1. Where residues in the range 95-113 are under 30 Å from GLY64 (Cα atoms) and part of a strand (DSSP E or B), which of them is modelled with the highest pLDDT?
2. Out of the residues in the range 31-51 that are in a strand (DSSP E or B), within 18 Å of the chain's Cα centre (by Cα) and under 20 Å from GLU75 (Cβ atoms), which is modelled with the highest pLDDT?
3. Search the range 139-177 for residues being over 14 Å from ALA48 (Cβ atoms), charged (D, E, K, R) and touching a Pro at 6+ places or on another chain (Cβ under 9 Å), and hand back the single one that is modelled with the highest pLDDT.
4. Which pairs have Cβ atoms under 8 Å, sit 6 or more apart or on different chains, and link a residue in the range 118-132 that is part of a loop (DSSP other than H, G, I, E, B) to one that is among the hydroxyl-bearing types (Ser, Thr, Tyr) and modelled with pLDDT of 85 or more?
Amino acid sequence: MSIIPRLIGVVAASIVIQPAIGSPPEIFKAGILQRDPHDLCDGLHVPAEQSWYLIDEFGTFSLGDTVVVTAAQVEACDCDGFQTYGCLRDNTIEAWRDLDLGCGIVLEDDEYHCKGFFSHKYGPFSLLGSTVFGQGDSVHVWGNPALDECMSIPECGFGYCLEPTRVVACADSGSAVQPISWGKLRSLYR
């Protein structure tokens, strides 16, 4: 068998698989803008991780504000040459309230009675409260991420909990996005 048919098969498979996976989620951190523990630099305290990050962009926000920061990468960097922290490079910063998480897929786990949401932009969340949408539905979600680790049901929670403020069907809800089980997603992100 020549390489051309195999190559065409790989390309065709990646075209079919790509909509189900989406682009890789950005690094997502919800926290409070404040001075670092050594009082050297301003940055983002993330209570869910008990960690602190330097960020490139504060926008119009100031110390004490609760925000969501996304970035393409995390790397180590110095804070005034004394303390090393993680740096969220080329970050964006948004208000924590009523955050637009974009489109994604609703996930359900019948065993633990969990409901989750996989945002194509930010990754997985555990949903607090209820929604009329079910497993595999393509939805657009706005909500308030919890600042601490989601631990309401340990088998369900990973990353941030999310209190949805609005959930609507995505315009692309007729696409060929394949649902993924809550258990499979949980295993990928642990």
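The values are calculated or read from the model by the stated rules, or taken from the named source; none is laboratory data. As the structure is a computational prediction, the values presented were derived from the model and not from experiment. Reconstructed Cβ throughout: ideal geometry from the backbone, glycine too, with neighbour counts over all protein chains shown.
1. Checked the range 95-113; the qualifying residue modelled with the highest pLDDT is CYS103.
2. By that ranking, first place goes to LEU44.
3. This residue is GLU163.
4. What qualifies is LYS121/THR70; TYR122/THR70.
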